[in-house]
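Since the structure comes first, as structure tokens, the remarks are kept for the end.
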Amino acid sequence: MAERLCAAPEGFTCRLFEGHSHVDYEGSRVWTWMVLYMPTSWTNMRRRLLGTEAAARELLGCLLVREDVQGRRVARIVETEAYLRDDPASHSYRGRSPRNASMFGPPGHAYVYRIHRVVCLNVVTAGDEIGEAVLIRAVEPMEGIDLMMSARARRTVGGGMPRGFQLTNGPGKLCQAFDVTLEEDGVDLLRPGNGRSLWLERGRSRAGLAVSCSPRIGISKARELPLRFFLNGNPWVSVGRPPSNGEATTV
């Protein structure tokens, strides 16, 4: 489907999408176009997500939002990990498959996969068919904490109520708290009202946020790469520790 830019009201980006054609009564072929107005903040954020290591930093401080019949849940992203296409620890390293197909999709879309009894949420951060993404590793609850606690209690083995920072200080935990399932795989996280009630928002200014990086946690390959990013000193960062051969540094 062809796409063109067009004039738009202030604060929006307009795109024209080429639709279907038909032949009019004079025998001429006529094309119809679909007009879509998108808030400029969404298109700007999608551009910022191109470049996986930079996107892993850019996502820190952004908001993960779930809004459904239960209510509204909001949390600030405080820890991420980047996974590159030439990275032996990445799901895309051996190419595209039915399981990782969403990882090769447009930037800003979700890649959700199952590991053991939980799922993990990633944000695709490269162009089509490249296969790179950022794992959302920990979030700091902002709104709807009671809903997050109830969701975690329903999904936690044994039904125990998570306490304190255990609520969302890990990729599986935050997905339980936000009721993320494999049904979210492939949805556009930069478009509120995407039909799945889960999206990302820019959040407040990142000015003054101290970001650190370290090797990633819980992997067996490419353990030395400094591709884990987190808000320095934030208590909601996951409790895992990087390999002993890598120290955290401020970036």
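Here is how the numbers come out for the structure above:
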{"item": "Cut-off 12 Å between beta-carbons: net charge of the residues surrounding Ala101, Lys and Arg +1, Asp and Glu -1", "result": "-1"}
{"item": "Neighbour-count ranking [beta-carbon atoms within 10 angstrom, fewest first] of Thr52, Thr156", "result": "Thr156, Thr52"}
{"item": "Net charge, Thr168 excluded, C-beta distance under 13 Å - Lys, Arg +1, Asp, Glu -1", "result": "+4"}
{"item": "Under 15 Å, Cβ to Cβ, from Pro235 - net charge with Lys/Arg +1 and Asp/Glu -1", "result": "+2"}
{"item": "The range 50-206 - percent relative contact order, Cα under 8 Å, separation 6 or more", "result": "28 percent"}
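Quick note: the coordinates plus some simple rules give every number you see, no bench work behind them. Quick caveat: nothing in here was measured; it's all calculated off a predicted structure. With ideal geometry, Cβ positions are generated from the backbone for all residues, glycine too; neighbour counts draw on all protein chains shown.
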